[in-house]
Amino acid sequence: MVYSYGMSNTELLIKEIQTLTDDCAGEVLDFVGYLKQKHLESASEKPYVCPVCGKTEHIPNAEAVAAMQEVNNMIDGKIPAQGFYSLDELLEDMES
């Protein structure tokens, strides 16, 4: 763990996050979303609205949001859609 006197919690958190794997950072991002939702509810502010679908009854995790945004980018023509000829080809691509 990285601790340094005189640093703010935000600075310490950034330093810690920079040491994480991408998977662990995704978990931290999910937890941040949970905390934000929790504080919104306790402050009686607007409920969380999914940035992709606009619904309020769920909180997608970071991986789901990234996947939905990728699909939206494909639909908008920002990135090319990818096709596969077999399930094996799809699974092989997912592993790489």
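The values are calculated or read from the model by the stated rules, or taken from the named source; none is laboratory data. Given the structure is predicted, the values throughout are model-derived calculations rather than measurements. Using ideal geometry, Cβ is built from the backbone for each residue, glycine included, and neighbour counts are taken over all protein chains shown.
The table that follows gives values for the structure above.
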{"read-out": "Close pairs (6 angstrom Cβ cut-off, 6 or more residues apart or separate chains): more than 28 Å from Pro51 (Cα to Cα) and touching a residue at least 24 places away in the same chain (Cβ under 8 Å) in the range 70-96, surrounded by 10 or more Cβ atoms within 10 Å (Cβ to Cβ) and among the basic types (Lys, Arg) anywhere", "value": "none"}
{"read-out": "Which numbered condition Glu41 fails, given (1) modelled with pLDDT of 80 or more; (2) part of a helix (DSSP H, G or I)", "value": "(1)"}
{"read-out": "Members of the range 16-33 found to be surrounded by 13 or more Cβ atoms within 10 Å (Cβ to Cβ) and either touching a residue at least 24 places away in the same chain (Cβ under 8 Å) or of a type in the set (Phe, Trp, Tyr) (or both), listed by number", "value": "Gly26, Leu29, Asp30, Gly33"}
{"read-out": "Residue among Tyr3, Tyr85 that alone is of a type in the set (Ser, Thr, Tyr), over 18 Å from the mean Cα position of the chain (by Cα) and modelled with pLDDT of 75 or more", "value": "Tyr85"}
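Conditions tested, residue by residue: (1) out of contact with any helix residue (DSSP H, G or I) (no Cβ under 8 Å at 6 or more places or on another chain); (2) in a helix (DSSP H, G or I).
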site	(1), (2)
Tyr48	no, no
Lys55	yes, no
Ile59	no, no
Gln69	yes, yes
Met74	yes, yes
Gly77	yes, no
Gln82	no, no
